[in-house]
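Q: One structure is given below, represented as structure tokens, and several questions about it will come after.
Every read-out reported here was derived from the displayed coordinates using simple, explicitly stated rules and does not represent laboratory data. Only a predicted model underlies this, so the values are computations on that prediction, with no experimental measurement involved. Every residue, glycine as well, gets a Cβ built from its backbone with ideal geometry; the counts of neighbours run over all protein chains shown.
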Amino acid sequence: IKILAIETSCDETAASVIQNGSEVLSNVVVSQIESHKRFGGVVPEVASRHHVEAITNVIEVAMTEANLKPSDLDAVAVTEGPGLIGALLIGINAAKTYAFVHDLPLIPVHHIAGHIYASQLEAPLQFPLMSLVISGGHTELIYMKDHMSFEIVGETRDDAVGEAFDKVARVIDLPYPGGPHIDKLAQTGEDTFDFPRGLIKEDTYDFSFSGLKSAVINKLHNYRQKGIEINKNDVAASFQKSVVDVLTDKTFRSMEDYKVKNLVIAGGVAGNSEIREEFSKLCNARDVKLHIPSLKYCTDNAAMIGAAAYHLYFKDHRADLTLNGRNFIDIEEYEFTS
Ligand code: ATP
Ligand code: MG
Ligand code: FE
């Protein structure tokens, strides 16, 4: 089964051809980061315009690199949401057109399901599993008893982890997106500030990162007022340590509760080196099987959409040409019986 997958939910224009859910025949990602940098974040209208300019080429290159003709494909898959509506619509319209012209079935895919299925590009998912989704817009613990079955066990009540990384980076004058820069600074910093660990003592698997973000901002203002130079490396390390403590605590507690031994970490923030190290160490000690995708599959790409679409293909999940983008879709709606 060969699927052409298209992803344009945010600021990456991406297309990929995936064979049998895991073999990557091509994986093209055009990032718009440079255009959004000067605004300090993604500007939706700018994102849409870039997608329009790039999409046709990105699809063509994905097909050329896979060395395939449209008639070799079995389906076209596309992210239907969640994401920026204008951005999503560019990918959706391209996918609809491609499917219509070449008479192929069209498979709509949930972006976060895609992030989780990124793991499948490197190792088959083993169930039951817990997935820790940590991205620019999401922070969730999702329990999966089988393919395409999702139960949200906990989620953020305010900021997503990636959002917190980017906001903290911004206040210490790091370029957008700040996550990778914080990661780098933290490597030579120390947890000297002991920032708050949101909801860590509470009996919930929900997360909260706005208190942490405010604590960092307050500390900075405090130092500025006193005219003392703050050590950015220590701010980064302290912030990151607080995040890691909360993520590991909630994840392992939920895994004990749900009695699962498989953990998949997904989303852009899964690229963080301390998160990768800490989770590997703790999973080893607990006999938990961990999978974190390679960096290129953590951030937005279309290969992960193709990996998820493979299962939806066999579950006969299809869209017709009325498919619309949605900026929010409850992933728990994705319950399909084969
Ligand atoms: P969503 O998937 O929720 O719609 P998104 O697609 O914008 O959001 P991703 O592309 O999955 O998010 O991830 C982008 C986020 O990952 C950004 O917030 C970025 O700062 C963060 N990020 C990337 N690399 C790292 C890293 N090494 N450490 C921390 N954060 C990182
Ligand atoms: Mg992005
Ligand atoms: Fe994403």
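Q: With each run of n ≥ 4 DSSP H residues scored as -39500 (n - 2.57), what mean residue ellipticity at 222 nm is computed for the chain after dividing by its residue count and rounding to the nearest 500 deg cm²/dmol?
A: -13500 deg cm²/dmol
Q: With all pairs of different alpha carbon atoms counted, what Kirkwood hydrodynamic radius in Å does the stretch 38-82 show?
A: 12.9
Q: Can you give the three extents of the C-alpha atoms in the stretch 237-303 along their principal axes, from longest to shortest, in whole Å?
A: 33, 31, 17
Q: Only Cα pairs within less than 10 Å get springs; with that Gaussian network setup on the chain, which residue of 257, 249, 183 has the largest fluctuation?
A: Most flexible of the set in this elastic network: 257.
Q: Note the direction-averaged projected area, equal to a quarter of the hull surface, for the Cα convex hull of the stretch 87-148, in nm².
A: Mean shadow area of the hull around the Cα atoms is 5.4 nm².
Q: Sticking with this structure for a sec: Is there a quick way to get the dipole size of the stretch 134-180? I mean about its Cα centre, with the Cβ of Lys and Arg at +1 and of Asp and Glu at -1; what is the value in debye to the nearest 20?
A: 80
Q: Another question, then. I'd like the Kirkwood hydrodynamic radius of the chain, using the inverse of the mean 1/r over distinct C-alpha pairs, in Å.
A: About 20.4 Å for the chain.
Q: Tell me which residues come under 5 Å, amide H to amide H, from residue 153 once H is placed; ignore anything under 5 positions away on its chain.
A: 141, 142, 143
Q: Turning to a different aspect of this structure: How would you order 48-56, 83-91 from highest to lowest mean count of nearby Cβ atoms within 10 Å?
A: Result, highest mean first: 83-91, 48-56.
Q: Could you tell me which of 67, 57, 285 has its Cα farthest along the dipole of the chain towards the positive end, charges placed at Cβ (Lys, Arg +1; Asp, Glu -1), taken about the Cα centre?
A: Sorting the options by dipole projection puts first 285.
Q: Now for a different question. In whole angstrom, how far apart do the alpha carbon centroids of the stretch 202-224 and the stretch 81-106 sit?
A: What the calculation gives is 39 Å, centre to centre.
Q: Alpha carbon centre of the stretch 289-314 versus the stretch 108-149: separation in Å?
A: 8
Q: How big is the dipole moment of the stretch 246-338 about its Cα centre under a simple scheme where the beta carbon of each Lys and Arg is +1, that of each Asp and Glu is -1, and everything else is neutral? Debye, nearest 20, please.
A: For this selection, approximately 300 debye.
Q: Here's a follow-up. Using the Kirkwood radius built from alpha carbon pairs, what does the Stokes-Einstein equation give as D for the stretch 67-193 at 37 °C and 0.692 mPa s, in µm² per second?
A: Rounded to a whole number, D works out at 187 µm²/s.
Q: From the phi of every residue in the stretch 96-106, what ³J(HN,Hα) in whole Hz does the Karplus formula 6.51 cos²θ - 1.76 cosθ + 1.60 yield, where θ is phi - 60° and glycine or proline is x?
A: 4, 4, 4, 5, 5, 5, 9, 6, 10, x, 10
Q: Among 145/289; 184/250; 145/315; 37/184; 184/241, which pairs are too far apart, with a Cα-Cα distance over 22 Å?
A: Table pairs above 22 Å Cα-Cα are 184/250.
Q: Compute the whole-percent fraction of alpha carbon pairs in the stretch 202-338 spaced more than 27 Å apart.
A: 42
Q: Residue by residue, what Karplus-based ³J(HN,Hα) values in Hz, rounded to whole numbers, does the stretch 34-48 have, using 6.51, -1.76 and 1.60 with θ = phi - 60° and x for Gly and Pro?
A: Values, residue by residue: 4, 6, 8, 3, 5, 9, x, x, 7, 9, x, 5, 5, 4, 4 Hz.
Q: If you build a Gaussian network model of the chain, linking Cα atoms that sit under 10 Å apart, which residue out of 14, 236, 215 swings the most?
A: Maximum fluctuation in the GNM of the chain, among the listed residues, is at 215.
Q: Through the Karplus equation 6.51 cos²θ - 1.76 cosθ + 1.60, θ set to phi - 60°, convert the phi angles of the stretch 12-19 into ³J(HN,Hα) values in whole Hz; use x for Gly and Pro.
A: 10, 9, 9, 9, 7, 10, 10, 9
Q: Related question: What FRET efficiency do you get for residue 289 and residue 217 if R0 is 25 Å and r is their Cβ-Cβ distance, rounded to the nearest 0.05?
A: 0.05
Q: Still on this structure, please answer the following. Above 23 angstrom, tally the Cα pairs of the stretch 1-111 and express them as a % of all pairs, no decimals.
A: 23
Q: Turning to a different aspect of this structure: Rounded to whole Å, give me the distance from the Cα center of the stretch 26-41 to that of the stretch 174-188.
A: Using only Cα atoms, the two centres lie 17 Å from each other.
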